[in-house]
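Just below is one structure, and these are the notes that go with it.
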Amino acid sequence: LSEGANGDTELIRAVDNLYVAWNQLLYNLLAKPGFQPPSPEHIKEVAEFTLKQLKDAGQDLSREFVQAGLEWRLSHPDEARTEV
């Protein structure tokens, strides 16, 4: 981050959201000893919801990376031209 830049950017939030979604998926997949296993319907419902959250978080992060790259190219046209 440049001097004086706000540390809480959309990119940072997108990375955090992906991390949270990934951890939620892992938590939902862990077996818990001593508990009655959930029904297959419940497992399917939780898996669909959790995977949708992970997919959405990944797409948001990808969009933020593309936007950051485009903003950099617009603000540094000479460097961007030599990089291509």
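Miscellaneous remarks
- Considered as a group, the residues in region 6-45 that are among the charged types (D, E, K, R) and modelled with pLDDT under 90 include one that is nearest to Ala57 (Cα to Cα), and that residue is Asp8.
- Tallying residues that are in a helix (DSSP H, G or I), surrounded by 11 or more Cβ atoms within 10 Å (Cβ to Cβ) and of a type outside the set (Gly, Ala, Ser) within region 35-48 yields 4.
- Scanning region 49-84 for residues that are part of a helix (DSSP H, G or I), of a type outside the set (Ser, Thr, Tyr) and over 23 Å from Arg13 (Cα atoms) turns up Pro77, Asp78, Glu79, Ala80, Arg81, Glu83.
- Among the residues examined, Val20 does not qualify as of a type in the set (Val, Ile, Thr) and more than 15 Å from the chain's Cα centre (by Cα).
The values are calculated or read from the model by the stated rules, or taken from the named source; none is laboratory data. These numbers were taken from a predicted model, which means no experiment stands behind them. Counting neighbours? That spans all protein chains shown, and the Cβs are built from the backbone with ideal geometry, glycine included.
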